[in-house]
Amino acid sequence: MRYYLAPMEGVTTAVYRTQHHAFFGGVDKYFIPFITPTTDPKFTTRQLREVAPEHNAGLPAVPQLLTKSADDFIWAAQALRALGYGEINLNLGCPSGTVVAKGKGAGFLAHPDDLDRFLDAIFTAVPGPISVKTRLGLREADEFPALLQIYNRYPIAELTVHPRVRTDYYKGAPNLSAFSDALAESRNPVCYNGDLNNVHNCEALTARFPAVPALMLGRGLVADPALARKAQGGAAADRKTLAAFHDALYEGYCRDFGNERNAVMRMKEYWSYHIHLYKNGEKYGKRIRKSTSAADYRAAAAAVFRDLEPLPEVTASNL
Ligand SMILES: Cc1cc2nc3c(=O)[nH]c(=O)nc-3n(C[C@H](O)[C@H](O)[C@H](O)COP(=O)(O)O)c2cc1C
């Protein structure tokens, strides 16, 4: 089984990915949150902060593009190849209102003919591995069989299926029966993604679908950074390592942003998931959320590592 870190905009940043790899590992691919190429064929400074090879040194990182324009995908994919990346991932799942309104991300799924033409153009122009991360559809899971027929026409390196529709966002149970059909009918290798928050969930999923070769973990892995390692029989995270990882993240963000204020904002996002690794963490999580200065924040975070023991597993089902 292979384990991947899901791309999570604002969470699984370059700082996060490099520190995670250094402290915990167990991840076969780190997917970089999406970048949106425009008609101007160069990456912005902000985009380069995420995809520049020196910010992903030593990591098996996979960049992701969010676009409905084949031309924009093609120049960006070629530029990423020039930076040294092999696999390039296409985002067909982002549920955000502004993205969907522009017909991108999950919004592209509502235009299967355009999607087919787009895939034809990019697979013709860009040699080498292109993978896809998709939802089941915009509104209904029964949109998926027709989409899968389109995917089956192309040599997609790996098709990651998050078995929800756009209107589900990240809530409700993943549709495992639709995933089962996807797995049976896909000509391309399939990766499962959705709600794998602990080792038990990973084992239950692979027991039900023994043919799945890869699992992508998002919120669950941010909650418990040792999850991928544990799923492969490795050790759980101890308090000392979690504290050191936290400090490395915080220092990395302070360095990147040049100020603690923005670093604290990023850390609050991290804690919104990570606090679920602690029993009775709610009160502590609230204190972190409400902290208004960097000093408040540091004290609130230190209190977690001083007072709380990490749970053997995250038990919350919806993070
Ligand atoms: C805050 C946040 C940011 C996300 N950013 C991206 C992204 O940049 N690209 C993408 O394909 N999916 C993105 N996702 C979706 C995740 O990759 C993943 O599909 C989703 O969280 C379900 O998996 P999980 O239950 O393991 O978290 C994001 C999800 C969240 C919650």
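The values are calculated or read from the model by the stated rules, or taken from the named source; none is laboratory data. All values derive from a computational prediction rather than experimental measurement. With ideal geometry, Cβ positions are generated from the backbone for all residues, glycine too; neighbour counts draw on all protein chains shown.
Checking the condition more than 13 Å from the ligand (Cβ to nearest atom) and either outside the structural domain of LYS171 (by TED's automatic domain parsing) or exposed (fewer than 15 other Cβ atoms within 10 Å of the Cβ) (or both), which residue from LYS68, LYS42 passes?
LYS42
Looking only at the stretch 163-179, decide whether some residue is within 14 Å of the ligand (Cβ to nearest atom), in a helix (DSSP H, G or I) and β-branched (Val, Ile, Thr).
No, the stretch 163-179 contains no residue that is within 14 Å of the ligand (Cβ to nearest atom), in a helix (DSSP H, G or I) and β-branched (Val, Ile, Thr).
When both residues are 6+ apart or on different chains and their Cβ atoms are under 7 Å apart, which pairs have a first residue that lies in the stretch 131-142 and is more than 13 Å from GLY105 (Cα to Cα) and hydrophobic (A, V, I, L, M, F, W, C), and a second that is in a loop (DSSP other than H, G, I, E, B) and modelled with pLDDT of 95 or more?
From residues that are more than 13 Å from GLY105 (Cα to Cα) and hydrophobic (A, V, I, L, M, F, W, C), the pairs are ALA141/ASN175.
For the stretch 71-96, enumerate the residues that are among the polar types (S, T, N, Q) and within 16 Å of the ligand (Cβ to nearest atom).
Result: ASN89, ASN91, SER96.
For the list (1) outside any loop (DSSP other than H, G, I, E, B); (2) more than 9 Å from the ligand (Cβ to nearest atom); (3) within 30 Å of HIS111 (Cα to Cα); (4) in contact with a strand residue (DSSP E or B) (Cβ under 7 Å, 6 or more places away or on another chain), I need the number of the one condition that MET216 fails.
(2)
Please indicate, with yes or no, whether at least one residue in the stretch 234-256 is in contact with a Ser or Thr (Cβ under 6 Å, 6 or more places away or on another chain), surrounded by 16 or more Cβ atoms within 10 Å (Cβ to Cβ), at pLDDT 95 or above and not in a helix (DSSP H, G or I).
Within the stretch 234-256, not a single residue is in contact with a Ser or Thr (Cβ under 6 Å, 6 or more places away or on another chain), surrounded by 16 or more Cβ atoms within 10 Å (Cβ to Cβ), at pLDDT 95 or above and not in a helix (DSSP H, G or I).
If we scan the stretch 276-287, do we find a residue that is of a type in the set (Lys, Arg), touching a residue at least 40 places away in the same chain (Cβ under 8 Å) and part of a helix (DSSP H, G or I)?
No: the stretch 276-287 contains no residue that is of a type in the set (Lys, Arg), touching a residue at least 40 places away in the same chain (Cβ under 8 Å) and part of a helix (DSSP H, G or I).
Name the single residue, out of those in the stretch 263-288 being of a type in the set (Ser, Thr, Tyr) and within 13 Å of the ligand (Cβ to nearest atom), that is nearest to ALA248 (Cα to Cα).
Here the answer is TYR270.
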